[in-house]
Amino acid sequence: MKVKARVQLRKNARNKMLKDLESAFGEEMADLENKTLEKVTLDEYSLILVEGRPLMFEIEGTLFPTVRGALEMGLQKRLVVVDKGAIRFVSNGADIMAPGILEADPEIKEGDLVIIVEETHRKPLAIGRALMGGQQMVDADSGKAIKSITYVGDKLWNFEL
C-alpha cells in the first residue's frame, strides 16, 4: 500500500466527519473529539488515522470504521452476525453467503457498508458491502449476501506508517 499523501484534518473537516459518524453510530464516536485525526491517501481508498492507528477508511465517498476501528470502538450498529462455520472463510476474505448469517441489523439496506462479527464473542471479522437488506440476509437460503472489502489479517489490518 503506497501512501500518496498524509495530512492532519482541519477543524471544520474534522467536526463534519465526527458529526456524520455520531449520527450513524451514536455516542461511541464522541470519544474521537479530543484525538489527533489524520487523513492518509492510498491507492484504493483513504484512511483516517486516530492517534496514528487506522481506525476508519473512506471508500466511494463513505466514511466507515475499519475492522480494527470497529473492534477498538466496540460498535454495535450495522452488524451482521455469522455462524462458527463461516469464521474461517470470512477471516480469509471470502464474501459472506446468506446461509451463514444468523442475525443482521434490520436497518441495513442494499449497498450499505456493514460490520461482520462472529456469533460467540461478537468480535469484528470483516467489513463488507451489503448485497441485500438486513432482514433479507437472515431469511435467504442461498446466495451471496455481502461483498467483503477488508478483513482481519489483510493489508489494511496490518497497515503501519
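Just so you know, all these numbers are worked out from the coordinates, no wet-lab data involved. Remember, predicted model here, so these are calculated numbers, not experimental data. Note that we place each Cβ from the backbone using ideal geometry, even for glycine, and neighbour counts take in every protein chain shown.
A simple rule links phi to the HN-Hα coupling: the Karplus curve 6.51 cos²θ - 1.76 cosθ + 1.60 with θ = phi - 60°, which for the stretch 99-114 gives x, x, 8, 9, 9, 8, 4, x, 7, 5, 10, 4, x, 5, 7, 9 Hz, with x for Gly and Pro. Would you mind ranking I87, I146 so that the residue whose beta carbon has the fewest other beta carbons within 10 Å leads the list? Listed from fewest to most nearby Cβ atoms, that is I87, I146. Amide H contacts of M132 (H built 1.01 Å from N, in plane; Pro and chain starts excluded): G111 sit under 5 Å, all sequence-distant by 5 or more or on other chains. Packing order of peptides 124-132, 11-19, highest average first: 124-132, 11-19 (average count of other Cβ atoms within 10 Å over each peptide's residues). Among K84, K147, K123, the largest mean-square fluctuation in a Gaussian network model of the chain (Cα springs under 10 Å) belongs to K84.
Build a GNM of the chain with springs between Cα atoms under 10 Å apart, and of I101, I149, I59 the one that fluctuates most is I59. Across the options P106, T150, Q135, the greatest Cα extent toward the positive end of the charge dipole of the stretch 79-151 (unit charges at beta carbon of Lys, Arg, Asp, Glu) belongs to T150. From least to most packed, judged by other beta carbons within 10 angstrom and beginning with the fewest, R6, R68 follow the order R6, R68. Only Cα pairs under 8 Å and 6+ residues apart enter the sum, and on that basis the relative contact order of the stretch 57-123 stands at 40 percent. Taking the Cα centre of the chain as reference, the dipole from Cβ charges on Lys and Arg (+1) and Asp and Glu (-1) amounts to some 680 debye. Derived scalar couplings between HN and Hα for the stretch 14-25 equal 5, 5, 5, 4, 5, 5, 4, 5, 5, 5, 7, 10 Hz in order, rounded to whole Hz, by the Karplus curve 6.51 cos²θ - 1.76 cosθ + 1.60 (θ = phi - 60°), x for Gly and Pro.
Measure up K123/K155; K19/K84; K2/K35; K19/K144 against 29 Å on the Cα-Cα distance and list the ones that go over. Pairs exceeding 29 Å: K19/K84; K19/K144. Within the stretch 1-72, the GluC sites (Glu not before Pro) that combine a DSSP coil assignment with at most 14 other C-beta atoms in a 10 angstrom radius are E44, E51, E60. Helix-only arithmetic for the chain: the sum of -39500 (n - 2.57) across DSSP H runs with n ≥ 4, divided by the residue total, places the mean residue ellipticity at 222 nm at -6000 deg cm²/dmol.
Shape class for the stretch 79-151: rounded, because the ratio a/c of the largest to smallest gyration tensor axis (alpha-carbon atoms, square roots of eigenvalues) is under 1.5. Distances between placed amide hydrogens fall under 5 Å for L63 paired with no residue 5 or more residues away or on another chain. Between L47, L63, L55, the Gaussian network model of the chain with springs among Cα atoms under 10 angstrom shows the greatest mean-square fluctuation at L63. In vacuum, with every alpha carbon of the stretch 5-73 counted as one equal point scatterer, what does the Debye formula give for log10 I(q)/I(0) at q = 0.12, 0.18, 0.26 Å⁻¹? Two decimals, please. Those come out to -0.26, -0.61, -1.40, one per q. Here the 3J(HN,Hα) profile of the stretch 44-54, calculated from phi with Karplus coefficients 6.51, -1.76 and 1.60 at θ = phi - 60°, is 7, 7, 10, 10, 10, 8, 10, 6, x, 9, x Hz, Gly and Pro shown as x. For D31, D154, the sequence from fewest to most other C-beta atoms within 10 Å is D31, D154.
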